[in-house]
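Trainee: Dumping the structure here so I can ask a few things about it.
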Amino acid sequence: MRKLKPMQSEAQIPAEVKKTPVGDLIRYQNLEVDFPTINAPQLLIGMCMDNRKKMKIPDNFAFILRVGGANLRYSEFKVTYAIAVGGIKHIALICHNNCGMVNLIARKEQFIQGLCDQAGWGRQEAEDYFLHFAPMHEIGNEIDFVVSEAKRLRLRYPNIAVTPLMYNVEDNLLYWIGD
């Protein structure tokens, strides 16, 4: 079982990221250290599109990809661009608690009705759309997904450090995902 470890002091930041841009991200978000002037991005942050999350980072510090569930499978060209053109060597992959991409089937009716009411779709068209795309975007458990996505990205980009983290929407802090 994976345990979430708080990082509310310098001593709690794991040694493997302490001297990396991920360590800096943790300091900015959790320890509220002053922002330095940054001239070029040092990190790619992959995180959910959820509106409850806000990263406290300096200008120019990171490329940020916000996609449902922090699922970068369908944003891989953008990840590759950040690495190849942007020179990124570190990725922070951030899930969060109470993610809407977990148990999508429970939101099927709300999703369909929302498309009908908000977008003007017909019911059958909305249902077909949901049934086609929901399985691709369902992430299961947030933490297990972000750990497996980090492993996938490490295999795809062997020279890039990929760190999975969890954002708690109640306290706005990042947590280390341990085994």
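Trainee: How many of the residues in the range 1-46 are assigned to a loop (DSSP other than H, G, I, E, B) and farther than 17 Å from D59 by Cα?
Mentor: The total comes to 9.
Trainee: Right, here's the next one. Tell me whether the range 62-71 contains one or more residues that are under 28 Å from H132 (Cβ atoms), among the polar types (S, T, N, Q) and either part of a loop (DSSP other than H, G, I, E, B) or open to solvent by 10 Å² or more (accessible area, probe 1.4 Å) (or both).
Mentor: yes
Trainee: Taking only the range 142-179 into account, find how many residues are in a strand (DSSP E or B) and farther than 18 Å from M49 by Cβ.
Mentor: The number of residues fulfilling the criteria is 8.
Trainee: Among the candidates I112, I64, which residue alone is without any contact (Cβ under 8 Å) to a residue 60 or more places away in the chain and within 30 Å of L155 (Cβ to Cβ)?
Mentor: Every option except I64 fails the conditions.
Trainee: So is E170 of a type in the set (D, E), touching a residue at least 60 places away in the same chain (Cβ under 8 Å) and surrounded by fewer than 18 Cβ atoms within 10 Å (Cβ to Cβ) or not?
Mentor: The answer is yes for E170.
Trainee: Taking only pairs six or more apart or across chains, which ones have beta-carbon atoms under 8 Å, a first residue in the range 118-139 that is in contact (Cβ under 8 Å) with a residue 60 or more places away in the chain, and a second residue that is of a type outside the set (A, V, I, L, M) and loosely packed, with under 12 Cβ neighbours inside 10 Å?
Mentor: M136/Y74
Trainee: Only one of (1) of a type in the set (A, V, I, L, M, F, W, C); (2) open to solvent by 60 Å² or more (accessible area, probe 1.4 Å); (3) part of a helix (DSSP H, G or I) fails for W121. Which number is that?
Mentor: If we test W121 against (1) of a type in the set (A, V, I, L, M, F, W, C); (2) open to solvent by 60 Å² or more (accessible area, probe 1.4 Å); (3) part of a helix (DSSP H, G or I), just (3) comes out false.
Trainee: Sticking with this structure for a sec: Suppose the filter is surrounded by 15 or more Cβ atoms within 10 Å (Cβ to Cβ) and over 21 Å from R27 (Cα atoms); does H137 pass it?
Mentor: yes
Trainee: Which is farther than 15 Å from H137 by Cβ and surrounded by 13 or more Cβ atoms within 10 Å (Cβ to Cβ), of K108, K78?
Mentor: Being farther than 15 Å from H137 by Cβ and surrounded by 13 or more Cβ atoms within 10 Å (Cβ to Cβ) holds for just one of K108, K78, which is K78.
Trainee: Any residue that is at pLDDT 95 or above, open to solvent by 10 Å² or more (accessible area, probe 1.4 Å) and part of a strand (DSSP E or B) - is there at least one of those in the range 54-61?
Mentor: No: the range 54-61 contains no residue that is at pLDDT 95 or above, open to solvent by 10 Å² or more (accessible area, probe 1.4 Å) and part of a strand (DSSP E or B).
The values are calculated or read from the model by the stated rules, or taken from the named source; none is laboratory data. Since this is a predicted model, take the numbers as computed values, not measurements. Glycine also receives a Cβ, built like all others from the backbone with ideal geometry; neighbour counts cover every protein chain displayed. Remember, those area values only see protein heavy atoms, side chains included, never the ligands or the DNA or RNA. Shrake-Rupley method; radii C 1.70, N 1.55, O 1.52, S 1.80 Å.
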